[in-house]
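Worksheet for the structure shown next.
Only the coordinates and a few stated rules stand behind these numbers; no lab work does. A quick note: this is a predicted structure, and the numbers were derived from the prediction, not measured. Cβ placement follows ideal geometry from the backbone for every residue including glycine, while neighbour counts extend to all protein chains displayed.
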Amino acid sequence: MLVSKARFATFNRARFARLYYIDQQIRAGKYPNAPKLAKELEIKPRTVERDLWP
């Protein structure tokens, strides 16, 4: 599958932003689960799982 550089960069930026948010939650001692993160980030739980366990 060929992905344009612009779309690939946007995807990476979005994933990085989600991972950064998850990291901040863990550092704050909240230890959220996938469904809670999905609700807060307005994404599907499977997306959270893919971000964490590629």
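Once the chain from residue 24 to residue 52 is taken as fully extended at 0.36 nm per residue, the excess over their C-alpha distance is 8.7 nm.
In terms of packing, defined here as the mean over residues of other Cβ atoms within 10 angstrom, the peptides 18-29, 34-45 line up highest first as 34-45, 18-29.
Evaluating 6.51 cos²θ - 1.76 cosθ + 1.60 at θ = phi - 60° for every residue in the range 29-42, the Karplus couplings come out as x, 8, 6, x, 9, 4, x, 5, 4, 4, 5, 5, 8, 6 Hz, glycine and proline recorded as x.
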